[in-house]
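Working notes, beginning with the structure itself.
Just so it is clear, none of the values below were taken in a lab; they were calculated from the coordinates. Just so it is clear, the model here is predicted, and its values are computed rather than measured. Every residue, glycine among them, receives a Cβ derived from its backbone with ideal geometry; neighbour counts consider all protein chains shown.
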Amino acid sequence: MKNEELVALLKDMSLEEKVMQLVQLPGQAFDASAAVTGMTKTVPERIKRLAGSTLGIHGADKIRQIQKAYIEQHPHHIPLLFMLDVIHGHDTVFPCPLAQGATFEPELTETCAGVQAQEASADGVHVTFSPMADLVRDARWGRVMESTGEDPYVNSLMAAAMVRGYQGTDISAPEHVASCVKHFAAYGAAEAGRDYNIAELSESTLRGSYLGAYKAAIDAGAKMAMTSFNTVDGIPCTAHKRLLRDVLRGELDFDGVLVSDFAAIKELVAWGYAKDEGEACERAFEAGVDVDMGSECYSNHLAALVENGKLSEKLLDEAVLRVLRLKNELGLFEDPYHGADEARHAELALSAKSRALARQAVQKSLVLLENKNNALPLSGGSIAFIGPYADERNIQSMWAVNCKPETNVTIREAVIEALAAATEGSANFASAHFAGGCTLLDNDSELAFFRYHSDTFEEDNKRLLAEALDAAEKADTLVLCLGEGMLQSGESTSRTQLTLPAIQQKLFKAMAATGKRIITLVFTGRPLVLGELADYSDALLVCWRPGTEGGHGIVDVLAGRASPEGKLPMSFPYAVGQEPLYYNHAATGRPRPADAAKPSLFTSRYLDCPNEARYPFGYGLTYGDCTLSPITLSANELRAGEALTASVTVTNTGARTATETLQLYIRDHAGSRVRPVKELKTFKKITLAGGESAVLHFTVTEDMLRFWSANNRFESEPGDFTVFVGLDSATQNGAQFTLRS
Ligand code: BGC
């Protein structure tokens, strides 16, 4: 449809029709089996007939039927929009976003997002509520799992990559879906890591750290954005006029559809920001929210507010036009079914090619934290795989809404497959034993959706432990398969303890006491306090929520068929009391002396814990052993418009091939605002065979030095800087240069 036709269509619509384009109904209004539920009351027929979009439904035939019936009865035959949370996979589930952050490989993430779009679109989906571009700094917040981590630069690359992957160059193509960037803004800053809480952050932190990744997604063309559940400066983001109209639309130039988060408009009443749902409608609409997801504020109140002149019809028309434009860009006026096609979906879903991609993504996302005496890769002998994740199928996250756990590959399955495929002597384990070891959760654990309780908890665990000891006795090496439960990370899963369930820690101790070599795998959606696990494991591998090909990808790395190369996208603390913990924190007036032997009285420190992370951002071992030469600079002065080159020689002194990620950080020595101690500006991945070396050159330019200055704009300030190139954020491999005006 041409723009004039859309405008003509809009002119012809009644007030009620227009308002209803801005109403998004939970899927169960149309289909009882929808993934997303809400709005407990039955939705009145008049709303169902006209509501412009829905969420939580998929299934090509089902969507075709709903769409057909809807269009036929709609006064202007305007198609319905179908949205879904396709976060890290639809049929084929890729590693969770935090794990994808660990790959430092946006190209890979773009390809994975492309597959998600193909599968979801063939299954009838038009829009995915992804990427979640929220910067995260506090591991107590369960939704860190849905973010790509604590670094604004990595997040920006990843958010843009996801948008490109989902949308391609033309969202009307059947293999693409529209992307909705979320949650605007600063949802990741929820105070104390408690979900749905306020966010307290300064304008300069918001600008300098938090907004960048949303901007990157918008610049990449995201067609939609979603508001967040938190407040900023005391105002709920769903009614934050300055943030939504001035910053998002004005400064970030977003001209797509802005949707509220689920029921967030109605929740303005609970926040005490609106006295009732009518006022909530008025506040959110005035602030610039186009679509009301999951509440009845717009459907019940918007028309009256326009009629009595409290809200302008012009603003209403603009919002409706944005929705119509999105439908048009998706090609729905010509083909209301978009990509929905059962046969195509069956062909695409979990194809061998997509599974191979998912397996590669798992291999690249695993982070090796410890590898004492090269305990990994495994090198023969008898191995016992022990623990609740040894044969666990739920290795996706709670945000893989269409995942069929039976299609996930467990560790046990992958090991058995590897043994069967191995020719005499070629396997990295001669024999394998398996034991559950303990229950995954402590009894009466509170989870995202329910409380876990087992009446036979004690007996079960006694038996499981006996089986584990039995299996351990038969083996030389124990691979302990441990981790958080699937519903312990994700939405509404804030925690004040970042340890594994006590029952798993008990299992770990019993296994460590056998004196056998211990390889520990940790399945998790967030950084954990690893404590004794790190102390007493010979090797420690973070497996995240790996998705469909988890078992294969992990066993590939254990067996040495692939070398680990993941780098932590979030700092792992010594203690929960360090949270929020992030490498790019501000300098302090009283830094603790770097030399631990010097007195640190009245410096910024903890009495009982280091300031630093146990495992810092950017850290991760490989099966090689890469060392870097001191950094050299092509010049020690820089001016705007010029570039200088920072070079290092990287040598893999190990015997095995390794893929390393060289990270360039910059520190600004003095600025008009206190500056972070270090900020990642670029990185390069390189693969080196054992003994091989290479010289890598990085370009440093003035724009890398810009920040939200005391002039309240992004600009660089002349002065001294240190540029570091290293293998993680703790690197001290630096050289100084001066920016001249
Ligand atoms: C979440 C969003 C999600 C939406 C729709 C909300 O509870 O915060 O991230 O996209 O539900 O499912």
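Whole Å is fine, so just give me how far the alpha carbon centre of the stretch 590-634 lies from that of the stretch 435-502.
Rounded to whole Å, the Cα centres lie 33 Å apart.
Give the residues of the stretch 134-175 whose amide nitrogen is closer than 14 Å to a point set 7 Å from the Cα of Phe333 in the direction of its Cβ.
The answer is none, because no backbone nitrogen lies closer than 14 Å to the label point.
Per q in 0.12, 0.14, 0.20 1/Å, what log10 I(q)/I(0) does a Debye calculation on the alpha-carbon atoms of the stretch 1-107 return?
Summing over Cα pairs of the stretch 1-107 leads to -0.54, -0.68, -1.02.
When DSSP beta bridges are limited to those with both residues in the chain, what percentage is antiparallel, rounded to the nearest 5? Please list the in-between numbers first.
Working: 51 of 94 bridges.
Close to 55 percent.
Given Cβ point charges of +1 (Lys, Arg) and -1 (Asp, Glu) and nothing else, what value in debye, to the nearest 20, does the dipole of the stretch 310-419 about its Cα centre take?
On the way: 14 positive and 15 negative charges, 76 e Å.
Roughly 360 debye for the stretch 310-419.
Give me the Debye-computed log₁₀ of I(q)/I(0) at q = 0.24, 0.25 Å⁻¹ for the stretch 333-377, equal point scatterers on Cα only, no solvent, two decimals.
Values returned for q = 0.24, 0.25 Å⁻¹ are -0.89, -0.91.
Quick one: order Thr524, Thr227 by neighbouring beta-carbon count within 10 Å, fewest to most. Intermediate results must be reported in sequence, preceding the final value.
On the way: Thr524 25, Thr227 29.
Ranked by crowding around the Cβ, least crowded first: Thr524, Thr227.
Report the extension gain between Ala356 and Lys11 in nm, rounded to one decimal, defined as 0.36 nm multiplied by the number of residues separating them, less their alpha carbon distance. Before the final figure, lay out the partial values.
On the way: separation 345, 0.36 × 345 = 124.20 nm, distance 5.02 nm.
So the extension gain works out to 119.2 nm.
For Ser563, Ser209, Ser351, which order do you get if you count the other beta carbons within 10 Å of each Cβ and list the fewest first? Before the final figure, lay out the partial values.
On the way: Ser563 23, Ser209 26, Ser351 16.
Ordered from fewest to most neighbouring Cβ atoms within 10 Å, Ser563, Ser209, Ser351 come out as Ser351, Ser563, Ser209.
Can you find, among Gly618, Val43, Thr651, the residue sitting farthest towards the positive end of the charge dipole of the chain, where Lys and Arg contribute +1 and Asp and Glu -1 at Cβ?
Looking along the dipole axis, the top candidate is Thr651.
I need the GluC sites (Glu not before Pro) found in the stretch 52-153, filtered to DSSP loop residues with at most 12 other beta carbons within 10 Å of theirs. Before the final figure, lay out the partial values.
Details: sites: Glu72, Glu107, Glu110, Glu119, Glu146, Glu150; in loops: Glu150.
Sites meeting the loop and neighbour criteria: none at all.
Report, in order of residue number, the helices in the chain meeting two criteria: a C-alpha extent of 18 Å or more along the helix axis, and a mean Kyte-Doolittle hydropathy of at least -0.5; treat each whole DSSP H run as one helix. Kindly include the intermediate steps, with their values, before the conclusion.
Working: long enough: 60-73 (20 Å, -1.00); 106-122 (24 Å, -0.24); 152-167 (22 Å, 0.28); 313-329 (23 Å, -0.30); 352-365 (20 Å, -0.73); 457-473 (24 Å, -0.68).
Span-like helices, by this rule, are 106-122, 152-167, 313-329.
So if each residue of separation counts as 0.36 nm, and I subtract the Cα-Cα distance between Asp253 and Lys685, what length gain in nm does that give? List each step's numbers first, then the result.
On the way: separation 432, 0.36 × 432 = 155.52 nm, distance 3.26 nm.
My answer for the length gained is 152.3 nm.
Among Val86, Ile218, Phe698, which residue has its Cα furthest toward the positive end of the charge dipole of the chain, with +1 on Lys/Arg Cβ and -1 on Asp/Glu Cβ?
Highest projection toward the positive end goes to Phe698.
Calculate, in whole percent, how much of the Cα-Cα pair population of the stretch 68-162 lies beyond 17 Å.
Working: 2383 of 4465 pairs.
Here the long-distance tail beyond 17 Å is 53 percent of all Cα pairs in the stretch 68-162.
Testing the spin-label approximation: label points 7 Å from Cα along Cα→Cβ at Thr649 and His697. State their distance in nm.
Those two pseudo-labels are separated by 1.7 nm.
Work out the length of the dipole vector of the stretch 105-239 about its Cα centre, built from +1 on the beta-carbon of each Lys and Arg and -1 on the beta-carbon of each Asp and Glu, and round it to the nearest 20 debye. Walk me through the numbers on the way to the answer.
Details: 9 positive and 18 negative charges, 54 e Å.
The dipole of the stretch 105-239 has a size of about 260 debye.
How large is log10 of I(q)/I(0) for the stretch 517-658 at q = 0.15, 0.16, 0.19 Å⁻¹ when the intensity is taken from the Debye formula with one equal scatterer per alpha-carbon?
Taken in order of the listed q values, log10 I(q)/I(0) reads -1.04, -1.11, -1.23.
In the neighborhood of Thr238, defined by Cβ-to-Cβ distances under 10 Å, what is the net charge if each Lys or Arg adds +1 and each Asp or Glu adds -1? It would help to have the intermediate numbers written out before the result.
Numbers: positive: Lys266, Arg283; negative: Asp261, Glu267, Asp292.
Its environment carries a net charge of -1.
Calculated FRET efficiency, Asn712 and Lys598, Cβ-Cβ r, R0 30 Å, to nearest 0.05?
Numbers: r = 38 Å, r/R0 = 1.28.
Calculated value: 0.20.
Counting only the backbone N, which residues of the stretch 377-403 are under 11 Å from the spot 7 Å out from the Cα of Ala510 toward its beta-carbon?
387
Out of Ser147, Met162, Ala178, whose Cα points farthest toward the positive end of the dipole of the stretch 139-179 (charges: +1 Lys, Arg; -1 Asp, Glu; placed on Cβ)?
Ser147
With a cap of 14 neighbouring Cβ atoms within 10 Å, and only residues DSSP puts in a loop, list the GluC sites (Glu not before Pro) found in the stretch 316-360.
Numbers: sites: Glu318, Glu329, Glu334, Glu342, Glu347; in loops: Glu334.
Here the GluC sites (Glu not before Pro) that fit, given the DSSP loop and packing criteria, are Glu334.
Let me know the charge dipole size of the chain about its Cα centre in debye, to the nearest 20, where only the beta-carbon of Lys, Arg (+1) and Asp, Glu (-1) is charged. Before the final figure, lay out each step's value.
Numbers: 70 positive and 96 negative charges, 252 e Å.
About 1200 debye.
How do Phe698, Phe82 line up, fewest other C-beta atoms within 10 Å first? List each step's numbers first, then the result.
On the way: Phe698 22, Phe82 30.
Least crowded to most crowded, the residues run Phe698, Phe82.
Give the peptides 584-595, 569-580, 545-556 in descending order of average Cβ contacts within 10 Å, highest first.
Working: 584-595: 12.2, 569-580: 21.6, 545-556: 28.4.
The most tightly packed comes first, giving 545-556, 569-580, 584-595.
Hey, what number do you get for the chain at 222 nm if only DSSP H runs of n ≥ 4 count, each worth -39500 (n - 2.57), divided across all residues, to the nearest 500?
Values: 19 runs with 206 residues, N = 741.
Dividing the helical sum by the residues of the chain leaves -8500 deg cm²/dmol.
For Ala346 and Thr496, compute 0.36 nm times the residue count separating them, minus their Cα-Cα distance, and round to one decimal in nm.
Values: separation 150, 0.36 × 150 = 54.00 nm, distance 4.28 nm.
That pair, Ala346 and Thr496, stretches by 49.7 nm at full extension.
Taking every Cα atom in the chain, find the radius of gyration and the maximum pairwise distance Dmax, and write them in Å.
Every Cα atom of the chain included, Rg and Dmax give 26.4, 82 Å.
Could you check the spin-label model distance between Leu607 and Thr456? Points 7 Å from the Cα along Cα→Cβ, value in nm.
4.9
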